[in-house]
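Chemist: Before we start, here is the structure in question, set down as structure tokens.
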């Protein structure tokens, strides 16, 4: 029996249950509006390590251990893990998991990695290829600055459209078991959208068209309307990209009154000097695996559309004057199966 609802959307036959979720954040994130939603907040942004890249791996180790603890599981109980990050060759994830002895898929979806991983983990469980699978990702402000922009010592200025890479990580463990709380019922695999934006300091403008495409697809192909959801949340368009996305839907006569963006949620824009808001794999991962899933478990949210967005560029492509191709992947998460 086909599970496809259209070109890019599927409905899971036995929606996987999110058995446990965990998130880790740095000092700045812990001082923001969502500080109480993080399982671990470390005021030492080096996480006790000698480099920012090792600190990012340490965050993934911590968040996986926390998720396993909350699920009352150990590493051998997880059949496979889908993980990635922003670093070259995904070394943040690879070094975090090199001793975990869990079958590993390395992913690169830029800031869409949490949604991408959740789709693949859910598909593996629903297809019977795994009884339990995990999705995990991270980002670190300092490691991202060094790779994509300038070393911190340079003290470069930021444009108003620039976003602040979140120091954070998130992990969700999905299972075939019916345990209540939150279920992944639908998924939409995005297509690459290149709107011709070349400004690497304006990720919101580059990614908003991809978010628009994927959200439109999953709504149309699943037979849903925006008002069917308590929350439509993207990540990480930030303030400018989020506003642009809502304007794009307004041109279609649709008001996304229940939309917000993880990059808008995680920081206080006025007091924390983050310009256009948060970004990075760890932004949507820590918000989704913290505030959003916690709100579902508490009964404050019943049905959520989560669309992770990512810019599929590198410093090489940007320096060569290429435009920025982007992607958005989406899942529908419900409190009932």
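Chemist: Looking at 199, 217, which one is in the same structural domain as residue 245 (by TED's automatic domain parsing), more than 26 Å from residue 130 (Cα to Cα) and not in a helix (DSSP H, G or I)?
Modeler: 199
Chemist: Can I ask one more? Could you check, for segment 141-153, whether at least one of its residues is closer than 27 Å to residue 88 by Cα, touching a residue at least 12 places away in the same chain (Cβ under 8 Å) and touching a strand residue (DSSP E or B) at 6+ places or on another chain (Cβ under 6 Å)?
Modeler: Yes, that holds for at least one residue.
Chemist: Looking for something closer than 18 Å to residue 25 by Cα and in a strand (DSSP E or B) - is there at least one such residue anywhere in segment 252-271?
Modeler: yes
Chemist: For segment 20-43, name all the residues that are surrounded by fewer than 22 Cβ atoms within 10 Å (Cβ to Cβ) and in a strand (DSSP E or B).
Modeler: 40, 41, 42
Chemist: How many residues, within segment 227-259, are at pLDDT 95 or above, closer than 22 Å to residue 182 by Cα and in contact with a strand residue (DSSP E or B) (Cβ under 6 Å, 6 or more places away or on another chain)?
Modeler: 8
Chemist: It is to be established whether one or more residues within segment 315-337 are assigned to a helix (DSSP H, G or I) and under 20 Å from the mean Cα position of the chain (by Cα).
Modeler: Looking through segment 315-337, none of the residues is assigned to a helix (DSSP H, G or I) and under 20 Å from the mean Cα position of the chain (by Cα).
Chemist: Which one of these is out of contact with any helix residue (DSSP H, G or I) (no Cβ under 9 Å at 6 or more places or on another chain) and under 28 Å from residue 44 (Cα atoms): 201, 172?
Modeler: 201
Chemist: What's the number of the only condition in (1) crowded, with 24+ Cβ neighbours inside 10 Å; (2) part of a loop (DSSP other than H, G, I, E, B); (3) without any contact (Cβ under 8 Å) to a residue 40 or more places away in the chain that residue 274 fails to meet?
Modeler: So residue 274 meets the others, but not (3).
Chemist: So which residues in segment 44-55 are free of Cβ contacts under 8 Å to residues at least 12 places away in the same chain and either assigned to a helix (DSSP H, G or I) or not assigned by TED's automatic domain parsing to the domain that holds residue 101 (or both), if there are any at all?
Modeler: Hits for segment 44-55: nothing passes.
The values are calculated or read from the model by the stated rules, or taken from the named source; none is laboratory data. All figures in this text were calculated on a predicted structure; none of them were measured in a lab. So basically every Cβ, Gly included, is an ideal-geometry build from the backbone, and we count neighbours across all protein chains shown.
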